[in-house]
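Colleague: One structure, as structure tokens, below. Some questions next.
The values are calculated or read from the model by the stated rules, or taken from the named source; none is laboratory data. This is a predicted model, so every value here is computed, not measured. All Cβ positions, glycine included, derive from the backbone under ideal geometry; neighbour counts span all protein chains shown. To get the accessible areas, we keep the full protein, side chains included, count just its heavy atoms, and leave off ligands, DNA and RNA. Shrake-Rupley method; radii C 1.70, N 1.55, O 1.52, S 1.80 Å.
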Amino acid sequence: MIDLGRQVLDQQLVDRNDLNMGKVDGIALELREGRPARVAAILTGGHLLSRRLHPRIERWVRKLTRGLAPSRVQPLRIPWPQVKKIGIDVKVDFAAADAMPWEHWVRDRIVRRIPGA
Amino acid sequence: MSKLLKIALGIFTSIGGFLEVGAIATAAEAGASFRFQLIWAVVLGTICVIFLVEMSGRLAALSHHTIKDAMRERFGPRVFMLTLVSDVLVNVLVLAAEIGGMSLALQLVTGIGFRWWALPTGILTWLLLWKGSFGLIENGVSLLGMVALAFLVGAWKLHPDVHEVLAGLALTLPAERPVHYWFTAVSILGAVISPYLFYFYSSGAIEDHWGVDEIGVNRAVATVGMSFGCVLCIAVMIVAALVLQPAGIQPDRFEQLGLLLTGPLGRWGFYLFSATLLVSCLGAALELSLATAYSFAQGLGWNWGESVHPRDAARFSLTYTIMIAVATLLIVLGLDPLKLTLFSMALTSLTLPVVTFPFLVLMNDRDYCGELGNHWIGNTAVIVISLLASLIALVAIPLQLMGG
């Protein structure tokens, strides 16, 4: 038995190389006719997080980030079978390199341009 | 590393974290205005911070979560964001105060105005973080911070009346200037109970992979380190009371604080004071910048670490870079460092319950601390002291702003 609210939602996501790749910002359930619902995927992404704070905050975030390359309205979906371990963190069979557009954007556009980096 | 060395290093670090611009300025202000009457505020704050630092180390050792990380997963994004916003507001102002403190120390020695020093000291702080190997810097700064012992020597040489010092332990009402009295009291409480201190501490415990074995070390470091910091803070108050007050000096400018140690220690006292101010503010500035970046990274799931290369923790590094830039700008623009210090410390007091209440819930949750959760004494002490600090601040800050 897994308590989705306490053991999965808002937990640290860790990729297959033990790198942090955001938090579990949402959980997607698949509703099935005549059978119990099933966990389809875990979701992560800034827009989803801002929606959970307040719909108005989500609108602000959308306006602020519109036009910036990594801004993606749809959250990243990690299918449930790729969830490998639920403990202190949620470990997934996934590469963070494909999942953190903002981290890479900040690294390439800003941090690398600062001397000494 | 042997356990004893670990304890010694931890104690040095916590003394370094304790005595910074806030503690020095508020204690000096209190001493000059009310002699030893506000010693109770230092002691009350110390009791609270000992409990909080011990709890943050225990949380890390038992649950392997930092405070911020645990707050996000236990309470969700809304409560987390509330604590984050309050952190950022308070930390930017306190960081500006620390940069102002460093700049004033350099002004005292060189005679060049503090605003000119804000940019160099801001850049120094940033470079030390950006270039990494923070462990070495941290321990170096903590060891250098021992120049603060000069205050202990100073207080000793001035032969304070022991009975009067002990009388200061009791909460008494002021004979005059009640608004200033209570405002100074909450500034002291805010300076002593600095939330960045225990956020920083819990992050360090995670980076050092603490486990159940460290519970004892943790308790020793928190108690001894903070108590020693408290003694130094009281020494500052005693020196201010015996040097500034008889001379009729109300320190409304930091330069006047430069005279503190010249009374008991002569010319050397002047340099020791400047060195203490410079080093302790640098240490606090480093911890504050990191603590803010930790808060973002741990609550939002970014990579973080004090020795990680900026390239590998881009958003984390960008966060402290922006923090330092904004804080430096505030001083360059000419914000008065002493007023800023007293105000930001009072503001820290005001926001204390936002930080401490969710933290206490975590410490009483069996999912995090198991059988080693909080004792009722710790809970009660933290609730009572942070509520008291916040309520006094709620009344004293507006009155002080209207009066001053």
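Colleague: Counting only trypsin sites (Lys or Arg not before Pro) that are in a DSSP loop and have at most 15 other C-beta atoms within 10 Å, tell me the longest site-free stretch of chain A.
Modeller: So the longest stretch without any such site is A:17-65.
Colleague: Further question: Taking the alpha-carbon distance from A:LYS91 and a cut-off under 12 Å, which aspartates and glutamates remain once sequence neighbours fewer than 8 residues away in the same chain are dropped?
Modeller: Correct list for A:LYS91: A:ASP15, A:ASP18.
Colleague: Same structure, new question: Between A:GLY26, A:THR44, A:GLN74, whose Cα lies farthest towards the positive end of the dipole of region A:4-113 when Lys and Arg beta carbons carry +1 and Asp and Glu beta carbons carry -1, centred on the Cα centre?
Modeller: Farthest towards the positive pole: A:GLN74.
Colleague: Still on this model: Compute the helix-to-body angle for B:376-403: its Cα long axis versus the longest principal axis of chain B, expressed 0 to 90° and rounded to tens.
Modeller: Result, in degrees: 50.
Colleague: A further question on this structure: With a ≥ b ≥ c the root eigenvalues of the C-alpha gyration tensor of region A:4-113, is it rounded (a/c under 1.5), prolate (a/b larger than b/c) or oblate?
Modeller: oblate
Colleague: A follow-up question, please. Quickly estimate the mean residue ellipticity at 222 nm for the protein assembly as shown, helices only: each DSSP H run with n ≥ 4 gives -39500 (n - 2.57), and the total goes over all residues, rounded to 500.
Modeller: -22000 deg cm²/dmol
Colleague: Which distance in Å, rounded to a whole number, links the C-alpha centroids of region B:163-218 and region A:54-117?
Modeller: 38 Å
Colleague: So, with +1 on the Cβ of K and R and -1 on the Cβ of D and E, and no other charges, what is the size of the charge dipole of chain B about its Cα centre, to the nearest 20 debye?
Modeller: About 340 debye.
Colleague: When only the heavy atoms of the protein chains count and the probe is 1.4 Å, how do A:ASP89, B:ASP312 rank by accessible area, highest first?
Modeller: I get B:ASP312, A:ASP89, largest accessible area first.
Colleague: Can you give the translational diffusion coefficient of chain B in µm²/s, computed by Stokes-Einstein from the Kirkwood radius over Cα pairs at 10 °C and 1.306 mPa s?
Modeller: Diffusion coefficient, whole number: 76 µm²/s.
Colleague: Just flag the GluC sites (Glu not before Pro) in region A:1-90 sitting in loop per DSSP whose Cβ has no more than 11 other Cβ atoms within 10 Å.
Modeller: Here the GluC sites (Glu not before Pro) that fit, given the DSSP loop and packing criteria, are A:GLU33.
Colleague: Which residue fluctuates most in the GNM of chain B (Cα springs below 10 Å): B:ILE377, B:ILE331, B:ILE215?
Modeller: Of B:ILE377, B:ILE331, B:ILE215, the Gaussian network model singles out B:ILE377 as fluctuating most.
Colleague: With axes computed from alpha carbons, what is the tilt in degrees of helix B:314-332 against the longest principal axis of chain B, rounded to the nearest 10 within 0 to 90?
Modeller: Compared with the principal axis, the helix lies near 20 degrees.
Colleague: Treating the angle as unsigned and between 0 and 90°, give the value, to the nearest 10°, between the Cα long axis of helix B:67-110 and the longest Cα principal axis of chain B.
Modeller: So the inclination is approximately 30 degrees.
Colleague: To the nearest 20 Debye, how big is the dipole of the protein assembly as shown about its Cα centre, given +1 on the beta carbon of each Lys and Arg and -1 on that of each Asp and Glu?
Modeller: 1460 debye
Colleague: Another one. Please give me, ordered by residue number, the trypsin sites (Lys or Arg not before Pro) of region B:295-362 that lie in loop per DSSP and have at most 11 other Cβ atoms within 10 Å.
Modeller: Answer by residue number: there is no such site.
Colleague: Still on this structure: Once a ≥ b ≥ c are taken as the square roots of the eigenvalues of the Cα gyration tensor of region B:308-377, is the result rounded (a/c under 1.5), prolate (a/b larger than b/c) or oblate (a/b not larger than b/c)?
Modeller: oblate
Colleague: Next question, about the same structure. Name the residue farthest towards the positive end of the dipole of the protein assembly as shown from the options B:LEU360, B:MET102, B:GLY305, assuming +1 on Cβ of Lys and Arg, -1 on Cβ of Asp and Glu, about the Cα centre.
Modeller: In the protein assembly as shown, that residue is B:GLY305.
Colleague: Under 27 Å between alpha carbons, and skipping anything fewer than 8 positions from B:LYS131 in its own chain: which lysines qualify?
Modeller: Cross-link targets: B:LYS6, B:LYS68.
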